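The values are calculated or read from the model by the stated rules, or taken from the named source; none is laboratory data. What you see is a predicted model, and the numbers here were worked out from it, not measured in a lab. Glycine also receives a Cβ, built like all others from the backbone with ideal geometry; neighbour counts cover every protein chain displayed. Heads up: the accessible areas ignore ligands, DNA and RNA and are worked out on the full protein's heavy atoms, side chains in. Shrake-Rupley method; radii C 1.70, N 1.55, O 1.52, S 1.80 Å.
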Amino acid sequence: NSKTIQFVVFIGVPLMVGLFFTAPEIITLFSGNEFLPSITTIQILSPVVLIIGITTNFSTQLLIPMGKDRQLLCAVLCGTLVSLILNFILIPLFLHNGAAISNLIAEAVVLFMCYIFARRHIIVIIPYKEIIINIIICLPFAGFVFISRYFLSSPILILFITITISAFYYLMFQLLIIKNDLMVELKEMIFNKIYTQLKY
């Protein structure tokens, strides 16, 4: 379980941060300039990427195999109820952003309840420290986006350059500075495979 959570955080945090910073390009590329007000909506929803990943780990990897389907259903129903209540309150005030806030809070409620139900039967940990560290590591993504926007005007080119540089930076930082277990294992696996191929 810890390996799975570690992988979710490893992948989910850069996706979340990247989605937040590149929201203008994503909206312009896939929806057009008339949907520019949705940039804030996408940014509000960006943490959902990580939240759903961790929730899925607790639900499909823990609760369902343990036969705790009722608890999972209870968590989902509570999240739905929270979403409905908040939609009634927030949508009239903030329109589509209100719906995004409602969805974000509802997903967080589902995660919290799945975590509570799972820890009744097994030791589970949400790696808050690792999440915060990875978010800090990903903050330079903002600089990569800014520089790409300065030299380029095409949304697709900005996305391509930003994603490429950000991914290389993130992976190298995890491998060389943090020495992330997943990256170290992946590097050793690749090197061993290459060595085996060359040997034969």
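Residues in region 135-177 that are open to solvent by less than 50 Å² (accessible area, probe 1.4 Å), within 13 Å of LEU15 (Cα to Cα) and either in a loop (DSSP other than H, G, I, E, B) or of a type in the set (Ser, Thr, Tyr) (or both): THR162, SER166, TYR170. Would you be able to tell me the number of residues in region 61-74 that are open to solvent by 70 Å² or more (accessible area, probe 1.4 Å), modelled with pLDDT under 90 and part of a helix (DSSP H, G or I)? Residues in region 61-74 being open to solvent by 70 Å² or more (accessible area, probe 1.4 Å), modelled with pLDDT under 90 and part of a helix (DSSP H, G or I): 2 in total. Would region 94-108 turn up any residue that is of a type outside the set (A, V, I, L, M) and at pLDDT below 95? Within region 94-108, one or more residues are of a type outside the set (A, V, I, L, M) and at pLDDT below 95. Checking the structure you have, find out if any residue of region 155-165 is out of contact with any Leu (no Cβ under 6 Å at 6 or more places or on another chain), within 30 Å of PRO65 (Cβ to Cβ) and not charged (D, E, K, R). Within region 155-165, none of the residues are out of contact with any Leu (no Cβ under 6 Å at 6 or more places or on another chain), within 30 Å of PRO65 (Cβ to Cβ) and not charged (D, E, K, R).
Kindly indicate whether THR56 is open to solvent by 40 Å² or more (accessible area, probe 1.4 Å) and out of contact with any strand residue (DSSP E or B) (no Cβ under 7 Å at 6 or more places or on another chain). Give the steps one after another, and end with the answer.
Values: open to solvent by 40 Å² or more (accessible area, probe 1.4 Å): yes; out of contact with any strand residue (DSSP E or B) (no Cβ under 7 Å at 6 or more places or on another chain): yes.
For THR56, the condition - open to solvent by 40 Å² or more (accessible area, probe 1.4 Å) and out of contact with any strand residue (DSSP E or B) (no Cβ under 7 Å at 6 or more places or on another chain) - is met.
Listed conditions (1) closer than 30 Å to PHE144 by Cα; (2) outside any helix (DSSP H, G or I) are all met by LEU29, apart from (2). For ILE85, the conditions (1) farther than 30 Å from PHE30 by Cα; (2) modelled with pLDDT under 95 all hold with the exception of (2). Residue count for region 20-47 under the criterion of being open to solvent by 20 Å² or more (accessible area, probe 1.4 Å) and under 9 Å from the mean Cα position of the chain (by Cα): the result is 1. The C-beta contact set for region 75-87 (first residue more than 22 Å from THR60 (Cβ to Cβ) and open to solvent by 40 Å² or more (accessible area, probe 1.4 Å), second residue modelled with pLDDT of 95 or more and among the hydroxyl-bearing types (Ser, Thr, Tyr), distance under 8 angstrom, 6+ apart or interchain) comprises ASN87/SER102.
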